[in-house]
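Have a look at the structure below before the remarks.
The values are calculated or read from the model by the stated rules, or taken from the named source; none is laboratory data. Everything numeric in this text was worked out from a predicted model, so none of it was measured. Here Cβ is always computed from backbone atoms with ideal geometry, including for glycine, and neighbour counts include all displayed protein chains. Heads up: the accessible areas ignore ligands, DNA and RNA and are worked out on the full protein's heavy atoms, side chains in. Shrake-Rupley method; radii C 1.70, N 1.55, O 1.52, S 1.80 Å.
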Amino acid sequence: MMRSSVFHMFILSMVAVDVIVAASNYYKGENFKRQYDEFYLAEVAFTVLFDLEALLKIWCLGFTGYISSSLHKFELLLVIGTTLHIYPDLYHSQFTYFQVLRVVRLIKISPALEDFVYKIFGPGKKLGSLVVFTASLLIVMSAISLQMFCFVEELDRFTTFPRAFMSMFQILTQEGWVDVMDQTLNAVGHMWAPVVAIYFILYHLFATLILLSLFVAVILDNLELDEDLKKLKQLKQSEANADTKEKLPLRLRIFEKFPNRPQMVKISKLPSDFTVPKIRESFMKQFIDRQQQDTSCLLRRLPSASSSSCDHSKRSAIEENRYIDQKLRKSVFSIRARNLLEKETAINKILRACTRQRMLSGSFEGQPAKERSILSVQHHIRQERRSLRHGSNSQRISRGKSLETLTQDHSNTVRYRNAQREDSEIKMIQEKKEQAEMKRKVQEEELRENHPYFDKPLFIVGREHRFRNFCRVVVRARFNADLLGLVTYLDWVMIIVTICSCISMMFESPFRRVMHAPTLQIAEYVFVIFMSIELNLKIMADGLFFTPTAVIRDFGGVMDIFIYLVSLIFLCWMPQNVPAKSGAQLLMVLRCLRPLRIFKLVPQMRKVVRELFSGFKEIFLVSILLLTLMLVFASFGVQLFAGKLAKCNDPHIISREDCHGIFRINVSVSKNLNLKLRPGEKKPGFWVPRVWANPRNFNFDNVGNAMLALFEVLSLKGWVEVRDVIIHRVGPIHGIYIHVFVFLGCMIGLTLFVGVVIANFNENKGTALLTVDQRRWEDLKSRLKIAQPLHLPPRPDNDGFRAKMYDITQHPFFKRTIAVLVLAQSVLLSVKWDAADPVTVPLATMSVVFTFIFVLEVTMKIIAMSPSGFWQSRRNRYDLLVTSLGVIWVILHFALLNAYTYMMGACVIVFRFFSICGKHVTLKMLLLTVVVSMYKSFFIIVGMFLLLLCYAFAGVVLFGTVKYGENINRHANFSSAGKAITVLFRIVTGEDWNKIMHDCMVQPPFCTPDNSTYWKTDCGNYAGALMYFCSFYVIIAYIMLNLLVAIIVENFSLFYSTEEDQLLSYNDLRHFQIIWNMVDDKREGVIPTFRVKFLLRLLRGRLEVDLDKDKLLFKHMCYEMERLHNGGDVTFHDVLSMLSYRSVDIRKSLQLEELLAREQLEYTIEEEVAKQTIRMWLKKCLKRIRAKQQQSCSIIHSLRESQQQELSRFLNPPSIETTQPSEDMNAINQDNNAQPETSSQQQLLSPTLSDRGGYRQDTGDAGKPQRKFGQWRLPSAPKPISHSVSSVNLRFGGRSTMKSVACKMNPMSDAASCGSEVKKWWTRQLTVESDESGEDLLDI
């Protein structure tokens, strides 16, 4: 029974009821008997019940087994404490803590909350150690302060150790620490005041900047996940995204509930004698799309076809689309394309196998030992990983190796077995994503096919209607620029209209209302009209709700419709009288949400909101924990302090019975201003009635007021006042209550909130789940984005005057000297520059001297770098601007010599001081951190301002006429939007926000109500002020400001990581910038592609590419740059990005989607480089064959000439008709430089080397040059010549024929046949038929 879920839920429900009963307790008056009321009896019943539960568990588990659990120990402690608490003499005592701590058991209700609490407080070693350190620090500093200031007269803050402890704790919380320091400084005197001030300031800085940050760091460390768990969550998140993409939204799945009604079409105009049934329109479209896909697939699968044949195939494909028999012809071409694809796949497998064989066969052995660069190391890691990816090939390759080599291969295989498993998981997730997208598309197509009203705006406009297409064009048209292209034209118009409407609302006030101001109504009409047009266009283009891209498909669409309806209703109604706390006033408050439209119109603003609120689970859990903590202390405070904090407003009256009548209260101008009165004169004052009341801003009479007071204390505002009142009216021992709550709530609770907001933002952004290597990679990419070329001109070649100036200006000593001079000039501002003070003239003169020195510096740099080279650097431009301003100031100073020139000189010095930030690495990094943080947090800051603007408009409506109070005065009020923004900015800093809230809660009889209109009353709104100020403080101070902290922390780790944590160090980037500066001689930031090879060869150190060892890597990098912009120019960041990808282990550093894309790119580069390598190898082989063949042809030509001489001498035959070589033959002879020039007329031509038969007497080919692999062959001579040759051969008797002689004299016959086989294999496998390669290979 004890382990059953029913028993567990029953006990937890009883705990919840006990908490509710305890929270319902309240103060019933002074004369009410509190010992035996209904709350006491309920507490006794619950205590007995939980005692029986503990006894039952002890009886079932045994005492030893019961106390073995930490949870049971906590329950036993509560049982003992609450049992003592119900004793009448101990009721409403310190034992009340045990009663209210029962609420902690409710954490077991939610497993998510239990896991979260264990994640934060489970590994309590770090957090517990930090708490002990903080307590020890407070004790030590309190003891030191006690010994230092206990002897000081008129100082009661350090008279005892408890008072010293409270003072030092107050400094730790930053609340009123200046008052503690000021009182101590006034007491110790002027001599020791500086030392005391330094003491308190150092303690305050350490406590607030370091100690509190340690709490945040520890909580963030507890929320950090393990490396393996991060990878697992990344995979699970990818799977979840795939599952989400597979399902259609519910608003679209609703069409599945209706019966299918597919659209049918009737085919007509067919030459047939039989009737054709109706066919689905989608089926016909799909058939047409397939034909077009086959055509494009065929054209893509023939990349190496000749240009003429490619153009011919394209033209034929276009012509064949007009005929009916297109499908039959396409089927033939599709089969051919598939065959070519299979052949290319087989060749790619062969190439990869060859690469693996080369790697595993130790082809890199025997090279001199040298430290490899990171590019080489990562390249070999990838090659080894790819070679071990196929186990069968590895086993086949490893045959015949030694035992050591086999053992090494086995270890490598085992090492990458997990990587293979990870590859399979990644591929599975990728396939799952593709299948999910495909299924979603199929579902949409089925709904579009079977339901005629699907994807029809308002079920009226057709899917492809002209009006809808026109609306789509209007809605989706946008700029091509980067900044202006963020949103569409229509959204830009609405952003401008919304901003103008918000500006118009800023002129509204309780005294100038839109209902009675026609000029303000114009902006209202314009906004409603433009928004009506916008929504109509978007609804006609994308639909309202039941379409895939509907307007109302997320919360942003709902907010748009809500803002539009509120504006439309208000414009149509335009109430003339708006009573306070009425529906009309609520409508005016809702109208103030109009600036939130910017969140929907700007995509980056939507991204910020999505990253902030998409995973709100952890923030909600922290809020529950803080509310639980507040409920525990609020219940305890009600039972201890209810009715005890009230006091008579006359300080001379102690008891409540004597608090009646009136008394005179004195009025003083200031607390610190003591006016000297004349003898017999009294201070000004007036008579007031005596009232027995609680403090104005807080009380503990019920749980609601107690939680409000504790919420204010949780913000560290007003807790000192609460502490002093409790100590003064209840007792010093009860001061522990507020100190414990402040420590738990602020030191742990608020830091926990800060840590969770930062972790939640990072998780939604995707950075929280990154491993260490992935985080380093993201930091590297961010650093590379802001890296720029040096823009530093090279040193002059000669050793002349410019070269010497260049060496001087670039020397580190010169730069440090200039930095020291800048600091020295800045020190001059430590004294006030007053025209009437004689000290100002020497200071200005010294500043003039410094200015001339800086003019000399700029002049030297211009001479050294030349004016154009000097102007290329932004830092030099800034220095030139400041120096020019300094020269202008010098001229004006000696000409006028007045206060304005001194002011201008001070401004020039300040501008000069900012130039020092770029002269030191650390200062430069700090400046980059600030700049990048401002850039990344720009949209968060804009979002904060929009929220602040909404609250300012609402504050004018709710509290615009509230009477002045303690903090609401003529400077801080809500009478207009401008003043409301000022007050809200003050609240953002946390300065007395609770006092402003209480001033806005003023109720009768302390104000004058008016039920007709809200602008005629000076009363506040209690519920409205409570929700207004608490929600604003939580959203702005606790959430939005912490997002800025998260961005700053992220950028701090970006620039201040150590060299060991960086994938590419600062020196590596600096070395690349120097090499780029050498190659980019025009300083344009781009270089031609062919210069990349030169740049890569110049790199040294960790980015060096050794051409002896890593020639293949060099080819891969060069080809990657060539294909990036199709051979065009590459930028600085293109080359740097390529080097960064090549310098990291992509398996560890890249995330899933980026990893898949990068691996696919590298596989493609590897295959293309391999193909190019083989092509080049074949060309070289064929060129060697061609050279040898031409050499043999020259020998044959000499034999021909000798034969001709013999024939002419012995036979004296008639002249032989010559054949003119064709134009193609001449062109080929001109292109081939190695082939000797042929005479215009040839008397006799020997047989071809590849033709093993005799002369071919083909009369049909007479006059045409015939081409065969190996050589051009011309037609043979006429028949009479053959008879003459045969007679000559007979006359020589015993001599072989001309063919045999030619074959014997040609030793390259076998080489030509080998080249023919290579040519046939290459043509068959890779389909090399282009003019660039194929013709060149054939014309030998």
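Among the residues of the stretch 57-75, those that are open to solvent by less than 40 Å² (accessible area, probe 1.4 Å) and under 29 Å from Ile736 (Cβ atoms) comprise His72, Glu75. Within the stretch 172-192, count every residue that is in contact with a Ser or Thr (Cβ under 9 Å, 6 or more places away or on another chain), of a type in the set (A, V, I, L, M) and in contact (Cβ under 8 Å) with a residue 24 or more places away in the chain. The total comes to 1.
Evaluating Ile109 against the criteria (1) open to solvent by less than 40 Å² (accessible area, probe 1.4 Å); (2) touching a residue at least 24 places away in the same chain (Cβ under 8 Å); (3) touching a helix residue (DSSP H, G or I) at 6+ places or on another chain (Cβ under 6 Å) leaves one unmet condition, (1).
Ile496 meets the conditions (1) out of contact with any helix residue (DSSP H, G or I) (no Cβ under 9 Å at 6 or more places or on another chain); (2) among the β-branched types (Val, Ile, Thr); (3) surrounded by 17 or more Cβ atoms within 10 Å (Cβ to Cβ) in every case but one. The failed one is (3). Counting only helices (runs of 4 or more DSSP H) wholly contained in the stretch 707-789, the ones carrying 3 or more residues that are closer than 23 Å to Thr173 by Cα and touching a residue at least 24 places away in the same chain (Cβ under 8 Å) occupy 719-729, 735-742, 751-765. Going by the structure shown, is Phe974 over 30 Å from Thr173 (Cβ atoms) and crowded, with 17+ Cβ neighbours inside 10 Å? No: the conditions fail for Phe974. Could you look through the stretch 551-587, keep only residues that are part of a loop (DSSP other than H, G, I, E, B) and of a type in the set (S, T, N, Q), and pick out the one that is surrounded by the most Cβ atoms within 10 Å (Cβ to Cβ)? Checking each candidate, the answer is Ser582. A single entry from Met860, Met865 fulfils the requirement of being out of contact with any Gly (no Cβ under 9 Å at 6 or more places or on another chain) and either open to solvent by 70 Å² or more (accessible area, probe 1.4 Å) or at pLDDT below 90 (or both): Met865.
Could you tell me which residue of the stretch 1120-1179 is most open to solvent (accessible area, probe 1.4 Å), considering only residues that are of a type in the set (S, T, N, Q) and part of a loop (DSSP other than H, G, I, E, B)? Only one residue tops the list, namely Asn1126.
Condition check ((1) touching a helix residue (DSSP H, G or I) at 6+ places or on another chain (Cβ under 7 Å); (2) at pLDDT 80 or above) across all residues:
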| residue | (1), (2) |
| --- | --- |
| Leu56 | no, yes |
| Cys60 | no, yes |
| Thr64 | no, yes |
| Tyr91 | yes, yes |
| Phe116 | yes, no |
| Ile120 | yes, no |
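Looking at the stretch 601-617, can you tell me whether even one residue there is at pLDDT 90 or above and either in contact with a Gly (Cβ under 6 Å, 6 or more places away or on another chain) or open to solvent by less than 10 Å² (accessible area, probe 1.4 Å) (or both)? Yes, the conditions are met somewhere in the stretch 601-617.
For Arg802, indicate whether it is closer than 30 Å to Leu1155 by Cα, part of a helix (DSSP H, G or I) and in contact (Cβ under 8 Å) with a residue 40 or more places away in the chain.
For Arg802, the condition - closer than 30 Å to Leu1155 by Cα, part of a helix (DSSP H, G or I) and in contact (Cβ under 8 Å) with a residue 40 or more places away in the chain - is not met.
Reported count of residues in the stretch 163-203, each being touching a Cys at 6+ places or on another chain (Cβ under 9 Å), modelled with pLDDT under 90 and part of a helix (DSSP H, G or I), is 0. The residues of the stretch 499-550 that are open to solvent by 20 Å² or more (accessible area, probe 1.4 Å), of a type outside the set (Phe, Trp, Tyr) and not in a helix (DSSP H, G or I), listed by number, are Met506, Glu508, Ser509, Arg512, Arg513, Leu544, Pro548, Thr549.
For the stretch 153-168, the candidate set comprises residues that are surrounded by fewer than 19 Cβ atoms within 10 Å (Cβ to Cβ) and of a type outside the set (D, E, K, R); within that set, the residue that is farthest from Met747 (Cα to Cα) is Leu155. Scoring Glu38 on the criteria (1) closer than 30 Å to Ile219 by Cα; (2) charged (D, E, K, R); (3) open to solvent by 60 Å² or more (accessible area, probe 1.4 Å) leaves a single failure, condition (1). Please verify whether Ser1065 is open to solvent by 30 Å² or more (accessible area, probe 1.4 Å) and modelled with pLDDT under 80, treating the condition exactly as stated. So Ser1065 does not fit the description; no. In the stretch 822-840, the residues that are on the phi > 0 side of the Ramachandran plot form no Cβ pair under 9 Å with any partner that is among the charged types (D, E, K, R) and open to solvent by 70 Å² or more (accessible area, probe 1.4 Å), whether six or more places apart or across chains. Has the stretch 642-654 got at least one residue that is aliphatic (A, V, I, L, M) and more than 59 Å from the chain's Cα centre (by Cα)? Looking through the stretch 642-654, at least one residue is aliphatic (A, V, I, L, M) and more than 59 Å from the chain's Cα centre (by Cα). Within the span defined as the stretch 183-190, one or more residues are within 18 Å of Glu721 (Cβ to Cβ) and either of a type in the set (S, T, N, Q) or open to solvent by less than 30 Å² (accessible area, probe 1.4 Å) (or both).
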